[in-house]
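Worksheet for the structure shown next.
The values are calculated or read from the model by the stated rules, or taken from the named source; none is laboratory data. Everything quoted here is computed from the prediction, not taken from an experiment. Note: ideal-geometry Cβ built from the backbone for every residue, glycine included; neighbour counts use all protein chains shown. Quick note on the areas: whole protein, heavy atoms, side chains included, nothing else; ligands and nucleic acids left out. Shrake-Rupley method; radii C 1.70, N 1.55, O 1.52, S 1.80 Å.
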Amino acid sequence: FERDGSPSLGGQWVFVWNELLEPMHIDALRAKHRGLIKVPGTWRGQPNPQDPDKVLLGTGYGTYVLDVRLPPGVPGESLGFFMRTATSAATWDVYSEDGTQILGRINQGLPATRATDTLPLYSQSMTTLPPGVGGRVMVLVHVSNFHHSRGGMYYKPKIGPSEDIREGLLWDHVRNAT
């Protein structure tokens, strides 16, 4: 983090359409679910991970998963995890590698499997991970969209020293206020 700053977590994420997965060991999850989707991006028009002959609609729900390998010797300071927004409701959970311990959470509304149960919320948010977190962590994101023409992740999340992430979030708020 000292040399390269806080990296963005864009690229290919595991994606499971029409399921809000429960956490499990990251290796078991990746073996069971092999569909991928590019982040940032919307899911409208993307191939359905479970049936590649079909394309996804703009509305629906799914789970994004990313295996994050933290560098060895991450200092004892806490790490921050930041996301601008997902369309249109999302819960971001950072878990231990085995999926048994939740290390951080961001709520951006209430994702659900039905429109009547979904609460959309567009907000920039961050969470702080406990000091000393290292090795592998799993980012598991439930996203649902029944209120916009294109669901998905429009931005790349970031991870880094919590003070750097907090300062970046503050500057985003300042820029958006002007």
TODO: Quick one: what are the phi-derived ³J(HN,Hα) couplings along the stretch 22-35, Karplus 6.51/-1.76/1.60 with θ = phi - 60°, whole Hz, x for glycine and proline?
DONE: 8, x, 7, 4, 4, 5, 5, 5, 5, 6, 7, 10, 10, x
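If Lys and Arg each add +1 and Asp and Glu each add -1, what is the summed charge of the other residues whose beta carbon sits under 11 Å from the beta carbon of TYR95?
Numbers: positive: ARG105, ARG136; negative: GLU22, ASP67, ASP93, GLU97, ASP98.
The answer is -3.
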- [ ] Quick one: accessible surface of ARG105, probe radius 1.4 Å, all protein chains present, in square angstrom to the nearest 10.
- [x] 120
Open item on the list: To test your reading of the geometry: what angle, between 0 and 90 degrees and rounded to tens, separates the Cα axis of helix 162-177 from the longest principal axis of the chain?
Closed with: 60
Task: Check: the stretch 33-178 dipole with +1 on Lys, Arg Cβ and -1 on Asp, Glu Cβ, in debye - done: 440
- [ ] Evaluate E = 1/(1 + (r/R0)^6) for ARG69 and LEU121, where r is the Cβ-Cβ distance and R0 equals 30 Å; express this FRET efficiency to the nearest 0.05.
- [x] 0.50
Open item on the list: Considering just Cα atoms, how many Å³ per residue does the convex hull of the stretch 46-117 enclose?
Closed with: 145
Open item on the list: Test of understanding: express the Cα radius of gyration of the chain as a ratio to 2.2 N^0.38 Å, with N the residue count.
Closed with: 1.01
